[in-house]
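Undergrad: Have a look at this one.
The values are calculated or read from the model by the stated rules, or taken from the named source; none is laboratory data. None of these values were measured; they are calculated from a predicted model. Glycine also receives a Cβ, built like all others from the backbone with ideal geometry; neighbour counts cover every protein chain displayed.
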Amino acid sequence: MSLLATPLGWIMKFCYMLVKNYGIALFLFTFITRLVVFPLSVKQQKSTARMAMISPQLEKLKKKYAKNKEKLNEETMKLYKEENVNPMSSCLPMVITMVILFSLIPVIYSPLTYISNANKDDIEASNKRITNIHVLSEELHDKKHDVALAELLADYEKDGKDPYEALEKDIKNKKKFPNTAKEIDSDKDREDLVDAIKALYTDDNKKNDDIDKFILKEKKVSQQLVKSRPELVTFDLIKNGYQNFLPESVRKEAKKFDYNFLGMSLGTIPRFAFSLDSLVFIPFISALLQLATTIVSQRYTKRNNPTAANMGGGMKAMFYIMPLFSLWICFSYPAALGLYWIYSSFFALLQTIVLNVLYTPEKVQEMVKKDMEKNKNKKKNKPSFYEKAMAMQKANNENTADDDSDDDDEEKKLSKAEMKELQRQRINEARRRMAEKYGDEYEESDQ
């Protein structure tokens, strides 16, 4: 997925450069990707029409070969070839949509990396500093210590020590700060962290004095993201004035990067709590749109293919899994991904309606007939994928049967002495393999 994230990042960067807002850029991105997939959706519509046309023939085959599954598969594949039908083609647009969704996750998590012009090494250094400050802050305010960073530095000065040299020694001290010493275990990382803190505390903005408290507030900074995806926390830190410890290129790009939409920070993961905020509506809007898309799609499917009304309970349940999946996705990832899912569901709903209005069953059947006539001679002598698979399976079965029958015929021709020798060789071969398996010594028996 990370390989696909790079080209998707280029498209997102192009969209962002046009509108200078991530939420609107996501809308353009979704529109572009849906436009690319549209021809496949038309093909899917044709495939559905083809399946509807051959449904009566499939039903006859099922009744005729109800007790012979192998023959049923063979005749079904033969019918698919004759009618130029690929039953798997209807799944392709959904597969592409899911691939885009999961490939987009890295782009959502790392907007500065994929979209901004910030130096990539600076972004990596910035992420490490954010994480390390959080690690130290957690230990400063645990049950054992519960001391503010500003107070700790002031105490060093009272004792006549250089506060930053003393802090660096304590960060290295496994007895005083065991968790921090374990997480920040190199001299380079310790020096970098102390330099970052020094940059904050030498600033005139006194807000920086309580960064250790600020970075631990769940309402201000997602504790899940600060540990796993610190790049998104960059925007929260800059918004609240904690910026001097960030590399210059990161600070510059993050300041002008608009990662908000309708007043919502798209880098925040929606949470369902007693104090609801606007972000919590994203998962529910997404689920409702997905449900609407499912219902509309199901109605059109039943209209175009009446036999679909008799689908099993398992297939019907599948229609309603997507809304639940949508809800889970939106509560598990930053709001930007939920917004993309809303856009995607909206365009899917719109596309379903447009396809069924423009491509009515009658029109699609006419198109299908033309395609079938065009491809009839083209693929007449070319075996389909399914036929190849069935032929291979049949060949394997025949080879196995032939080998077994050949062995039986040979054994019938052997004399009693020859039969006894053959059995001895087989026993010795079995003993040799067991000896090799368990590392024992093996001696061949003459008996």
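Undergrad: May I ask you to list the residues in the range 228-269 that are over 27 Å from the mean Cα position of the chain (by Cα), part of a helix (DSSP H, G or I) and within 16 Å of residue 214 (Cα to Cα)?
TA: 237, 238, 239
Undergrad: Name the residues in the range 178-191 that are exposed (fewer than 11 other Cβ atoms within 10 Å of the Cβ) and closer than 19 Å to residue 246 by Cα, would you?
TA: Listed by number, the list holds a single entry, 188.
Undergrad: Okay, next question. Could you list all residues from the range 2-51 that are among the aliphatic types (A, V, I, L, M), surrounded by fewer than 20 Cβ atoms within 10 Å (Cβ to Cβ) and more than 23 Å from the chain's Cα centre (by Cα)?
TA: Across the range 2-51, the qualifying residues are 17, 18, 19, 42.
Undergrad: Let me ask another. Answer with yes or no whether residue 94 is surrounded by 17 or more Cβ atoms within 10 Å (Cβ to Cβ) and either within 21 Å of residue 297 (Cα to Cα) or within 21 Å of the chain's Cα centre (by Cα) (or both).
TA: Taking the combined requirement at face value, the residue does not satisfy it.
Undergrad: Report those helices (runs of 4 or more DSSP H) wholly inside the range 104-212 carrying at least 3 residues which are closer than 24 Å to residue 222 by Cβ and among the basic types (Lys, Arg).
TA: In the range 104-212, 120-140 are the helices (runs of 4 or more DSSP H) which contain 3 or more residues that are closer than 24 Å to residue 222 by Cβ and among the basic types (Lys, Arg).
Undergrad: Given the residues 186, 110, which is the only one that is more than 30 Å from residue 335 (Cα to Cα) and not aromatic (Phe, Trp, Tyr)?
TA: Just a single option satisfies the conditions, and that option is 186.
Undergrad: Do the conditions hold for residue 52, that is, is it small (Gly, Ala, Ser) and touching a Pro at 6+ places or on another chain (Cβ under 9 Å)?
TA: Yes; evaluated as a whole, the condition is true for this residue.
Undergrad: Here is a follow-up. Are there any pairs with C-beta distances below 8 angstrom linking a residue in the range 111-137 that is in the same structural domain as residue 248 (by TED's automatic domain parsing) and within 25 Å of residue 182 (Cβ to Cβ) to a residue that is outside any helix (DSSP H, G or I) and of a type in the set (Phe, Trp, Tyr), with the two at least 6 apart or on different chains, and if so which?
TA: Once the first residue is in the same structural domain as residue 248 (by TED's automatic domain parsing) and within 25 Å of residue 182 (Cβ to Cβ) and sits in the range 111-137, its partners that are outside any helix (DSSP H, G or I) and of a type in the set (Phe, Trp, Tyr) give 129/245; 133/245; 136/177.
Undergrad: Same structure, new question: Return the only residue of 99, 147 being surrounded by fewer than 19 Cβ atoms within 10 Å (Cβ to Cβ), hydrophobic (A, V, I, L, M, F, W, C), modelled with pLDDT under 90 and in the same structural domain as residue 232 (by TED's automatic domain parsing).
TA: One residue alone meets the criteria, 147.
Undergrad: Please tell me if residue 344 is surrounded by 15 or more Cβ atoms within 10 Å (Cβ to Cβ), at negative phi and at pLDDT below 85.
TA: no
Undergrad: Next question. Report yes if some residue within the range 24-38 is assigned to a helix (DSSP H, G or I) and farther than 30 Å from residue 265 by Cβ; otherwise report no. It would help to see each step written out before you state the result.
TA: Taking the range 24-38 and keeping what is assigned to a helix (DSSP H, G or I), we get 24-38.
Next cut, farther than 30 Å from residue 265 by Cβ only: 38.
Yes, the range 24-38 contains a residue that is assigned to a helix (DSSP H, G or I) and farther than 30 Å from residue 265 by Cβ.
Undergrad: Restricting attention to the range 264-296, report how many residues are of a type outside the set (Val, Ile, Thr) and either buried (at least 17 other Cβ atoms within 10 Å of the Cβ) or at pLDDT 85 or above (or both).
TA: 16
Yes or no, residue by residue, for (1) surrounded by 12 or more Cβ atoms within 10 Å (Cβ to Cβ); (2) out of contact with any Leu (no Cβ under 6 Å at 6 or more places or on another chain); (3) closer than 30 Å to residue 108 by Cβ:
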| site | (1), (2), (3) |
| --- | --- |
| 158 | no, yes, no |
| 163 | yes, no, no |
| 173 | yes, yes, no |
| 176 | yes, yes, no |
| 193 | yes, yes, yes |
| 223 | yes, yes, yes |
| 232 | yes, no, yes |
